[in-house]
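For reference, the structure is listed below as structure tokens.
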Amino acid sequence: MSSPWNLLLYGLAGLIGGLAAMRTGIPAAPLAGSLLAAGLVSMSGRLEVAQWPSGTRTALEIAIGSVIGTALTATALSELRQLWRPALLITVSLVATGLVVGLWSSRLLHIDPVVALLGAAPGGISGMSLVGAEFGVGAAVAALHAVRLITVLVVLPLVVKLVIPLTGSPPGH
């Protein structure tokens, strides 16, 4: 296990990166900023690779699950009654596309199929990184998802701003 000071430095780097990213205004900025900052510290080689205490991952998985779970409200369930068809279509399409892109990337780019499949999966960075860690490829999966997440968070809001004025106001508004 890493020394408490090293873990504190990693945590401090993540905190500073997360707080700095919040100033950008992009969605999920704290997550992206803390990941980038802690990752840069880790990649610098100035600190030993972080070995978190036993149970840390479990505690984080519970915390992440709780945060996501609290978003599932009665209103969300009511909306899902209306949106179950698009939800099913989007889910099946994203999973199928992730499988195709992951397998294709693995063959074409000669990367580990587990990394490619989990990296191309439509899940969020935290969840997919935790799944990747179970397979021993968490850092690689996190790197792929970080690139995807940052790109999507920067590009998609711009696309929405450009597309919505062309099509009128969003449905229901």
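Mean separation of Cα pairs under 8 Å and 6 or more residues apart, divided by the residue count, gives the chain a relative contact order of 16 percent. Give the order of LEU149, LEU99 when sorted by the count of other beta carbons within 10 angstrom, beginning with the fewest. Least crowded to most crowded, the residues run LEU99, LEU149. Among (i) 16.7, 51; (ii) 19.1, 60; (iii) 18.5, 56, which one is Rg and Dmax of the Cα atoms in Å computed from these coordinates? Read-out taken from this structure: (iii).
Spin-label model, LEU47/ALA59: points 7 Å from Cα along the beta carbon direction are separated by 1.6 nm.
Of the complete DSSP H runs in the chain, those spanning 30 angstrom or more by Cα along the long axis with a mean Kyte-Doolittle score not below -1.0 are 74-109, 138-167.
Every number here is computed from the coordinates shown, using simple stated rules; none is lab data. Just so it is clear, the structure is predicted and the values come from calculations on it, not from any experiment. Using ideal geometry, Cβ is built from the backbone for each residue, glycine included, and neighbour counts are taken over all protein chains shown.
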